[in-house]
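Chemist: Structure provided below as structure tokens; questions to follow.
The values are calculated or read from the model by the stated rules, or taken from the named source; none is laboratory data. Computed from a predicted structure; not experimentally measured. All Cβ positions, glycine included, derive from the backbone under ideal geometry; neighbour counts span all protein chains shown.
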There are 2 protein chains.
Amino acid sequence: MPVIKGPQVFPRTEFLRRLNAVKSEMDRLEIETLIVGNSSDITYLTGYTAKSSYVPQAVVISMKEEEPTFILRRQDAPAAVHQTFLDRKNIIGYSEALIGNPLKDGFDAIIDFVHEARAVERGIGVQLGYLSSRSAEKFKSRFKTARIVDCTHSVAWIRMIKSDLELEMMRDAAAIADAGVLKASEVIRPGVREAEVMAEIAAQLIRGAGGKEGTDLAPMTLCSSPRTGTSHIQWSEDVIREGSQINLEIAGVRHGYVSAIMRTFSVGAPCDRLRRLHDAEVSGLEAALNAVRPGATCSDVATAFYRTIERAGFQKDSRCGYAMGIDWGEPTASLKDGDMTELKPNMTFHLMLGNWIEEDFGYVISETFRVTQSGYEVLTKSPRKLYEL
Amino acid sequence: MPVIKGPQVFPRTEFLRRLNAVKSEMDRLEIETLIVGNSSDITYLTGYTAKSSYVPQAVVISMKEEEPTFILRRQDAPAAVHQTFLDRKNIIGYSEALIGNPLKDGFDAIIDFVHEARAVERGIGVQLGYLSSRSAEKFKSRFKTARIVDCTHSVAWIRMIKSDLELEMMRDAAAIADAGVLKASEVIRPGVREAEVMAEIAAQLIRGAGGKEGTDLAPMTLCSSPRTGTSHIQWSEDVIREGSQINLEIAGVRHGYVSAIMRTFSVGAPCDRLRRLHDAEVSGLEAALNAVRPGATCSDVATAFYRTIERAGFQKDSRCGYAMGIDWGEPTASLKDGDMTELKPNMTFHLMLGNWIEEDFGYVISETFRVTQSGYEVLTKSPRKLYEL
């Protein structure tokens with residue numbers, strides 16, 4: 001029996017609006033077919049969030065068709081029918097014989113489809129930057145006569161500016177991230193295992209907030225003493241001790257959209273240096289936000305932060321954040337010195353001010369924010385404090 | 001202050017044994033330097049499990065040096081010092097200026113290091129299959145005179161055979177997966193939200209089992225009615241209803257090592273077709289396991305399953321599993337028709353018998369197993385039943 005369509009997160013008009021923006025870019029690039037294999041771009045263009053991108057799959061957009069065609073593994077096609085706005089005739093499952101097959105893979109099926117159903121004379125867009133060299137060679141050799149245009153980040157740049165419906169997802173995700181921070185403040189205590197803290201936080205991030213559930217779980221990071229100078233460690237097998245510092249990075253997820261937050265926790269009174277760093281970072285965070293407005297650049301925002309903490313005697317050598325949306329970071333703009341990307345209304349960023357200033361000493365704070373018509377809206381709402389527990 | 005080394009999960013001798021196996025392969029391939037960028041391979045070679053692989057990083061192995069050198073982002077170097085067996089002089093953090101930089105990235109730092117510190121005359125191994133075409137071009141153009149050998153899966157094939165210490169990790173991870181299944185059987189009830197079920201399961205997978213905590217959370221899948229013909233959907237916003245079927249896929253994780261399990265749950269009495277499919281699949285699972293022994297092939301195992309369920313009137317068109325270890329699936333052998341990889345003692349597999357036979361009807365069961373000297377050891381221990389709740 002055919003699978004039924006599930007409840008649609010966005011109306012069809014929203015997806016057609018996104019597709020029209022992509023088609024305008026295709027027109028500019030003088031291509032008539034665009035092959036989109038990046039999983040976050042696929043979520044953006046169709047609503048598909050199932051985790052099947054470890055095998056080849058692609059949305060093929062043609063200037064001649066209103067809807068694109070989604071070509072993916074046969075096993076995953078029912079999920080695409082269920083989750084996406086696409087008509088089922090535009091979802092094509094390729095043979096399971098192409099899985100774990102050293103000679104032919106799903107990209108062959110995708111290329112076959114383009115050859116059979118589309119003209120490529122005017123040019124074809126491919127996300128070369130996401131393809132392995134072997135797969136890129138396959139595209140080049142099998143589209144021998146076509147002009148291939150590298151469109152690696154074309155959809156990502158369009159994704160940067162969120163619609164009101166997308167912003168609603170990001171706000172809900174931010175509320176979930178805040179609920180995770182609140183839960184952390186309730187469970188971080190001396191004698192509690194780090195795993196127990198993360199078990200409670202993970203459960204909260206799935207239960208969600210405000211009646212909205214977390215629809216996925218993004219990576220979670222807990223770096224505690226003596227690891228506060230590290231980032232990207234999930235958690236350790238340690239027990240939280242009196243005097244421990246805990247750097248937490250978590251996120252809420254709603255239908256692919258991610259809002260992240262970082263906060264620092266001190267079990268017992270923080271040392272003077274940590275307190276001074278916290279004060280400097282909060283001042284820097286406020287200065288960075290005050291630099292946010294349409295027409296300012298990513299570099300302006302970062303510079304405002306760097307200059308503020310330098311006045312307090314601190315430095316940060318990593319970037320101050322990045323564009324944020326589907327599946328966490330977007331591969332476009334960074335809040336860093338020299339990134340001249342101009343801010344526009346409804347761009348969203350993770351203002352990531354984690355600062356690992358020595359091998360054994362670091363501090364984290366971050367917010368997810370949106371650029372408004374005249375300034376900024378911070379989506380995450382947790383108190384900007386050094387949590388003392 | 002320098003960060004201290006954390007508790008080491010494996011002794012130094014274990015890592016040197018793994019490195020020696022890689023060096024034997026390098027000798028066979030006539031290369032004197034191997035650049036390993038795949039994050040699972042890096043975990044295998046060093047013990048590093050922090051989640052920083054979204055930017056370039058690599059372990060550089062030289063035939064002339066006992067220890068390799070780990071080159072990664074400056075921000076992540078303290079985590080490498082803390083987590084790995086490597087001497088700190090063999091951990092090199094590259095500049096943060098290479099992050100979000102369209103002109104130069106971490107691969108330039110890695111190539112610089114190889115040029116400065118190593119001879120490459122005899123040949124250099126690169127994991128071309130994991131590199132984007134642009135990065136692969138960079139390697140080729142910057143090692144112009146060297147013979148480049150594609151070593152994409154060289155370490156993965158070595159990883160396939162686990163040591164006793166690794167098997168201990170996989171057994172502990174399997175016990176955690178089993179605890180997740182038990183938790184699912186306790187919380188899946190009519191009226192309970194799917195998110196609540198997953199919140200409880202996620203918390204259990206982190207709390208762990210037998211005094212061993214889950215050190216990470218692998219992707220979790222819950223596909224319920226009317227989605228039992230789909231795979232790879234995380235969970236939905238539905239409430240579990242009387243008569244619902246739930247297909248669950250979860251895993252336990254210990255220090256990078258993953259053991260997975262799938263089980264099917266029926267709220268109320270299952271329909272006759274589901275019961276028949278379950279019976280056929282369990283018979284097929286047993287037939288597949290009975291085909292496991294050193295010298296048999298992956299194809300033999302899959303064929304035993306396929307023939308058994310065919311006798312009961314069912315078919316499965318997807319493969320029956322894959323090599324399993326660090327970060328879930330390994331990119332080597334598949335349990336599928338025609339995969340002539342020979343089974344050897346201490347290989348580990350996910351015998352994945354999920355069978356999505358119609359768009360709206362599927363069933364899942366799986367085990368993680370090890371090849372022994374004479375047969376098999378199943379690491380996951382949950383009852384092979386259709387859970388009726």
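Chemist: Only one residue in A:Leu45, A:Leu29 is over 17 Å from the mean Cα position of the chain (by Cα), away from chain B (no Cβ under 14 Å) and over 24 Å from A:Met1 (Cα atoms). Which one?
Modeler: Answer to the selection: A:Leu29.
Chemist: May I ask you to list pairs of residues, at least six apart or on different chains, whose Cβ atoms are under 6 Å apart, with the first in the range B:80-103 being more than 12 Å from chain A (Cβ to nearest Cβ) and without any contact (Cβ under 8 Å) to a residue 40 or more places away in the chain and the second being part of a strand (DSSP E or B) and buried (at least 23 other Cβ atoms within 10 Å of the Cβ)?
Modeler: B:Ile92/B:Ile71
Chemist: Tell me, please, whether a residue that is assigned by TED's automatic domain parsing to the domain that holds B:Val155, farther than 30 Å from A:Arg273 by Cα and small (Gly, Ala, Ser) can be found in the range B:61-72.
Modeler: Within the range B:61-72, one or more residues are assigned by TED's automatic domain parsing to the domain that holds B:Val155, farther than 30 Å from A:Arg273 by Cα and small (Gly, Ala, Ser).
Chemist: For the range A:26-42, give me each residue that is outside any loop (DSSP other than H, G, I, E, B), touching a residue at least 60 places away in the same chain (Cβ under 8 Å) and not charged (D, E, K, R).
Modeler: A:Met26, A:Leu29, A:Thr33, A:Leu34, A:Ile35, A:Val36, A:Ser39, A:Ser40
Every residue, every condition in (1) within 21 Å of A:Asp178 (Cβ to Cβ); (2) out of contact with any helix residue (DSSP H, G or I) (no Cβ under 7 Å at 6 or more places or on another chain); (3) of a type in the set (D, E, K, R); (4) without any contact (Cβ under 8 Å) to a residue 60 or more places away in the chain, yes or no:
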position: A:Ala287; (1), (2), (3), (4): no, no, no, yes
position: A:Gly295; (1), (2), (3), (4): no, yes, no, yes
position: A:Cys298; (1), (2), (3), (4): no, yes, no, yes
position: A:Ala333; (1), (2), (3), (4): no, no, no, no
position: A:Met340; (1), (2), (3), (4): no, no, no, yes
position: A:His350; (1), (2), (3), (4): yes, yes, no, no
position: A:Gly354; (1), (2), (3), (4): yes, yes, no, no
position: A:Glu358; (1), (2), (3), (4): no, yes, yes, no
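Chemist: Which residue is surrounded by the most Cβ atoms within 10 Å (Cβ to Cβ), if the candidates are limited to the range A:196-219 and must be part of a helix (DSSP H, G or I) and touching a Lys or Arg at 6+ places or on another chain (Cβ under 6 Å)?
Modeler: Per the stated criteria, the residue is A:Ile201.
Chemist: Find the strands (runs of 3 or more DSSP E) located wholly in the range A:50-151 whose residues include 1 or more that are more than 21 Å from A:Ser40 (Cα to Cα), and list them. Please lay out each step first, then the result.
Modeler: Numbers: elements: A:58-62, A:69-73, A:91-94, A:124-126, A:148-150.
Result: A:148-150.
Chemist: Say we look at the range B:202-237 and pick out the residues that are hydrophobic (A, V, I, L, M, F, W, C) and closer than 20 Å to A:Arg254 by Cβ; which of these is farthest from the other protein chains (Cβ to nearest Cβ)?
Modeler: So, considering only residues that are hydrophobic (A, V, I, L, M, F, W, C) and closer than 20 Å to A:Arg254 by Cβ, the one farthest from the other protein chains (Cβ to nearest Cβ) is B:Leu222.
Chemist: Return the residue satisfying two criteria in turn: it lies in the range A:41-55 and is in contact with a Lys or Arg (Cβ under 8 Å, 6 or more places away or on another chain) and not polar (S, T, N, Q), and of such residues it is farthest from A:Phe10 (Cα to Cα).
Modeler: A:Val55
Chemist: Answer yes if at least one residue in the range B:138-148 is more than 14 Å from chain A (Cβ to nearest Cβ), surrounded by fewer than 21 Cβ atoms within 10 Å (Cβ to Cβ) and modelled with pLDDT of 95 or more, and no otherwise.
Modeler: No, because not a single residue in the range B:138-148 is more than 14 Å from chain A (Cβ to nearest Cβ), surrounded by fewer than 21 Cβ atoms within 10 Å (Cβ to Cβ) and modelled with pLDDT of 95 or more.
Chemist: What number of residues within the range B:50-78 satisfy the criterion of being crowded, with 24+ Cβ neighbours inside 10 Å and in contact (Cβ under 8 Å) with a residue 60 or more places away in the chain?
Modeler: Residues that pass the stated criteria total 1.
Chemist: In the range B:348-389, how many residues are hydrophobic (A, V, I, L, M, F, W, C), within 12 Å of B:Cys320 (Cβ to Cβ) and not in a strand (DSSP E or B)?
Modeler: 2
Chemist: Check off (1) crowded, with 23+ Cβ neighbours inside 10 Å; (2) hydrophobic (A, V, I, L, M, F, W, C); (3) closer than 21 Å to B:Ser163 by Cα for B:Trp328 and give me the number that stays unchecked.
Modeler: Answer for B:Trp328: the failing condition is (1).
Chemist: Tell me, yes or no, whether the range B:175-187 has at least one residue that is part of a helix (DSSP H, G or I) and within 9 Å of chain A (Cβ to nearest Cβ).
Modeler: Among the residues of the range B:175-187, not one is part of a helix (DSSP H, G or I) and within 9 Å of chain A (Cβ to nearest Cβ), which makes the answer no.
Chemist: Among the candidates A:Val282, A:Val267, A:Val181, single out the residue that is at pLDDT 95 or above and under 30 Å from B:Val197 (Cβ atoms). Give the derivation first.
Modeler: On the way: A:Val282 fails: under 30 Å from B:Val197 (Cβ atoms); A:Val267 fails: under 30 Å from B:Val197 (Cβ atoms).
Just one listed residue meets the conditions, A:Val181.
Chemist: For B:Gly338, all conditions in the list (1) assigned to a loop (DSSP other than H, G, I, E, B); (2) small (Gly, Ala, Ser); (3) surrounded by fewer than 20 Cβ atoms within 10 Å (Cβ to Cβ); (4) more than 12 Å from chain A (Cβ to nearest Cβ) hold save one; what is the number of the exception?
Modeler: (4)
Chemist: Also, I was wondering about something else. Of A:Lys23, A:Lys5, which residue is of a type outside the set (Gly, Ala, Ser), in contact (Cβ under 8 Å) with a residue 40 or more places away in the chain and in a helix (DSSP H, G or I)?
Modeler: Step by step, each of A:Lys23, A:Lys5 is checked, and only A:Lys23 is of a type outside the set (Gly, Ala, Ser), in contact (Cβ under 8 Å) with a residue 40 or more places away in the chain and in a helix (DSSP H, G or I).
Chemist: Among the candidates B:Ile250, B:Ile240, B:Ile246, B:Ile261, single out the residue that is hydrophobic (A, V, I, L, M, F, W, C) and within 13 Å of chain A (Cβ to nearest Cβ). Give the derivation first.
Modeler: Numbers: B:Ile240 fails: within 13 Å of chain A (Cβ to nearest Cβ); B:Ile246 fails: within 13 Å of chain A (Cβ to nearest Cβ); B:Ile261 fails: within 13 Å of chain A (Cβ to nearest Cβ).
After applying the criteria, what remains is B:Ile250.
Chemist: Select, from B:Asp279, B:Asp317, the only residue that is surrounded by fewer than 19 Cβ atoms within 10 Å (Cβ to Cβ), more than 14 Å from chain A (Cβ to nearest Cβ) and either touching a residue at least 24 places away in the same chain (Cβ under 8 Å) or not in a helix (DSSP H, G or I) (or both).
Modeler: The match here is B:Asp279.
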